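I'd like to ask some things about the structure below.
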Amino acid sequence: MNSLNRRNFLKTSVIGGLGVTLYNPLSSMSLLKLQEAMPSSVAITTGDNRADMTFRALQPYSKQIKEAIGNKRVVLKPNMVSIDVPLCATHADTLEGVLEFLKSIGKVNNVIIAESAGNGSALAGFSNYGYQKLADKYPVKLVDLDQEGYEVRYVFDEKDFRPHPVRMSKIILSPDSYIVSVTKMKTHDRAVVTLSLKNIVFGAPVKDPGYSWGRNSKPGANSDKPIVHGNGFRGINYNLFALASTLHPHLSVIDGFQGMEGDGPISGTAVDHRVCVASTNWFAADRVSVELMGIDFAKVGYLNYCAQTGLGNPDLSKIEIIGESISKHIKPYKLSNNIDKQLIWMQPA
């Protein structure tokens with residue numbers, strides 16, 4: 001494919017072509033109306049107790065969340081890219097704060113904690129990270145998404161410019177699921193940052209039982225997670241954007257009590273930040289978190305694509321901040337060592 005055709009493909013795929021296989025395209029006017037209609041407020045709390053910070057961050061949205069859940073099953077999706085690196089994973093205390101909040105609004109009786117871990121069984125990860133205590137204390141079930149069925153979606157690969165099928169979790173895609181992204185503030189070695197949207201998009205692809213990267217993987221077992229990475233820095237940003245309209249969370253909880261900087265999402269180092277972000281607008285939550293991490297928003301490809309197409313408004317002056325101010329709690333996170341390579345998405349193909 002020559003350079004002209006590649007440029008035309010990237011330009012047109014947002015509103016047609018491959019884009020049609022990924023999400024239902026909207027007109028520019030519809031996107032603007034959608035952007036204006038989306039509530040744009042973010043709650044920020046600080047403190048010394050994860051569960052308490054999380055509970056307080058969610059309280060301003062009590063009525064809205066209760067109405068939105070209705071009769072749906074609540075799916076708490078932690079970030080568990082690795083089952084044995086505690087710093088990279090959602091802390092059990094953060095999940096407890098969410099469960100206490102759901103209990104306070106009478107919505108704790110139809111809740112699951114569900115994940116498809118990157119490098120092994122989610123159930124093993126739940127045990128390693130102390131999630132079982134939550135199942136003992138609350139009427140919540142621990143679920144391995146790899147064992148719960150899937151639907152096929154298509155994503156982009158920058159090496160061959162073709163759509164590739166991906167098995168995506170039925171539970172995450174179900175219209176009967178109220179998806180809560182419960183994740184940590186982390187830098188990332190391919191997409192600059194990993195926050196609430198990315199936690200859902202990369203948790204949705206499933207893998208075969210027995211698959212584990214880099215360790216005693218069962219022969220013939222495969223994972224569909226690498227496919228979504230799009231075979232490069234352009235591919236991963238495009239796929240995150242293109243899947244955002246169907247795989248975004250309904251509620252975002254981002255734990256910055258102890259974040260991760262440097263070579264995240266697994267091999268980074270701890271940041272003592274002591275903040276928590278919550279919002280019913282996933283884009284606003286991610287946008288505010290980027291700011292709190294002291295990261296230039298212009299460097300985050302997939303969020304810029306979402307902003308350019310009306311999936312969110314990056315203007316901080318248009319986002320109501322509830323609780324603590326952003327400016328008083330900015331703590332610059334060191335980016336991944338390969339950040340210069342990551343930013344190739346900003347250059348023409």
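The values are calculated or read from the model by the stated rules, or taken from the named source; none is laboratory data. Nothing here was measured: the structure is a model prediction, and the numbers come from that model. Don't worry about glycine lacking a Cβ; one is built from the backbone with ideal geometry, like all the others, and counts go over all protein chains shown.
In the stretch 203-218, how many are in contact with a helix residue (DSSP H, G or I) (Cβ under 6 Å, 6 or more places away or on another chain) and closer than 30 Å to GLN64 by Cβ?
Of the residues in that region, 2 qualify.
A quick yes/no check of all residues on (1) under 24 Å from VAL74 (Cβ atoms); (2) free of Cβ contacts under 8 Å to residues at least 60 places away in the same chain; (3) assigned to a helix (DSSP H, G or I):
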{"residue": "LYS218", "(1), (2), (3)": "no, yes, no"}
{"residue": "PRO226", "(1), (2), (3)": "no, yes, yes"}
{"residue": "GLY230", "(1), (2), (3)": "no, no, no"}
{"residue": "ALA244", "(1), (2), (3)": "yes, no, yes"}
{"residue": "PRO249", "(1), (2), (3)": "yes, no, no"}
{"residue": "ILE254", "(1), (2), (3)": "yes, no, no"}
{"residue": "GLY259", "(1), (2), (3)": "no, no, no"}
{"residue": "GLY264", "(1), (2), (3)": "no, no, no"}
{"residue": "ALA284", "(1), (2), (3)": "yes, no, yes"}
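Additional query: All but one of (1) within 25 Å of ALA89 (Cβ to Cβ); (2) assigned to a helix (DSSP H, G or I); (3) out of contact with any Pro (no Cβ under 6 Å at 6 or more places or on another chain) hold for TYR305, so report the exception by its number.
Unmet for TYR305, out of (1) within 25 Å of ALA89 (Cβ to Cβ); (2) assigned to a helix (DSSP H, G or I); (3) out of contact with any Pro (no Cβ under 6 Å at 6 or more places or on another chain): (1).
Would you mind stating whether MET80 is surrounded by fewer than 13 Cβ atoms within 10 Å (Cβ to Cβ) and either within 30 Å of HIS164 (Cα to Cα) or modelled with pLDDT of 95 or more (or both)?
no
List the pairs whose first member sits in the stretch 40-68 and is surrounded by fewer than 17 Cβ atoms within 10 Å (Cβ to Cβ), whose second member is of a type in the set (S, T, N, Q), and whose Cβ atoms are under 6 Å apart, counting only residues at least 6 apart or on separate chains?
Within 6 Å, the pairs are GLN64/THR280.
Counting residues that are in contact with a His (Cβ under 7 Å, 6 or more places away or on another chain), which helices (runs of 4 or more DSSP H) fully inside the stretch 46-155 reach at least 1?
On the way: elements: 50-58, 62-69, 92-104, 122-128, 132-137.
Once the helices (runs of 4 or more DSSP H) in the stretch 46-155 are filtered for at least 1 residues that are in contact with a His (Cβ under 7 Å, 6 or more places away or on another chain), what remains is 50-58, 62-69.
Evaluate the following for VAL275: is it closer than 19 Å to ALA43 by Cα, in contact with a His (Cβ under 6 Å, 6 or more places away or on another chain), outside any loop (DSSP other than H, G, I, E, B) and of a type outside the set (Ser, Thr, Tyr)? Before you say what the answer is, go through the steps one by one.
On the way: closer than 19 Å to ALA43 by Cα: yes; in contact with a His (Cβ under 6 Å, 6 or more places away or on another chain): yes; outside any loop (DSSP other than H, G, I, E, B): yes; of a type outside the set (Ser, Thr, Tyr): yes.
So VAL275 fits the description; yes.
Name the single residue that is nearest to ALA298 (Cα to Cα) among those in the stretch 180-196 being outside any strand (DSSP E or B) and over 8 Å from the mean Cα position of the chain (by Cα). Lay out the reasoning, then the answer.
If we filter the stretch 180-196 for residues that are outside any strand (DSSP E or B), which is where we start, we get 189-191, 195-196.
Pick out the ones that are also over 8 Å from the mean Cα position of the chain (by Cα) and you get 189-191.
Details: ASP189: 16, ARG190: 15, ALA191: 12 Å.
Here the answer is ALA191.
Among the residues that make up the stretch 263-281, is at least one of them out of contact with any Leu (no Cβ under 6 Å at 6 or more places or on another chain) and farther than 19 Å from CYS88 by Cα?
Yes, that holds for at least one residue.
Quick check: is even one residue across the stretch 49-66 at positive phi and modelled with pLDDT of 95 or more? Even if it seems obvious, please write down each step before you answer.
Here is the first cut: in the stretch 49-66, the ones at positive phi are none.
No, the stretch 49-66 has no match at all.
Additional query: Just checking, which of LEU316, LEU247, LEU240 is over 22 Å from MET80 (Cα atoms) and aliphatic (A, V, I, L, M)?
Residue meeting the stated conditions: LEU316.
Something else now. Looking at (1) surrounded by 18 or more Cβ atoms within 10 Å (Cβ to Cβ); (2) in a strand (DSSP E or B); (3) in contact (Cβ under 8 Å) with a residue 60 or more places away in the chain, which is the only condition ILE171 fails?
All conditions pass for ILE171, except number (2).
In the stretch 156-168, which residues are hydrophobic (A, V, I, L, M, F, W, C), surrounded by fewer than 20 Cβ atoms within 10 Å (Cβ to Cβ) and not in a loop (DSSP other than H, G, I, E, B)?
none
Only residues that are under 27 Å from ASN231 (Cβ atoms), among the charged types (D, E, K, R) and without any contact (Cβ under 8 Å) to a residue 24 or more places away in the chain: list them for the stretch 118-159, please.
Hit for the stretch 118-159 is GLU151, nothing else.
Sticking with this structure for a sec: Which members of the stretch 260-289 meet the condition of being surrounded by 23 or more Cβ atoms within 10 Å (Cβ to Cβ), under 29 Å from GLN347 (Cβ atoms) and hydrophobic (A, V, I, L, M, F, W, C)?
MET260, TRP282, PHE283, ALA284, ALA285, VAL288
Right, something else. Quick check on the stretch 299-309: of everything there that is over 13 Å from GLN342 (Cβ atoms) and not polar (S, T, N, Q), which residue is surrounded by the most Cβ atoms within 10 Å (Cβ to Cβ)?
Among those residues, the one meeting the criterion is LEU303.
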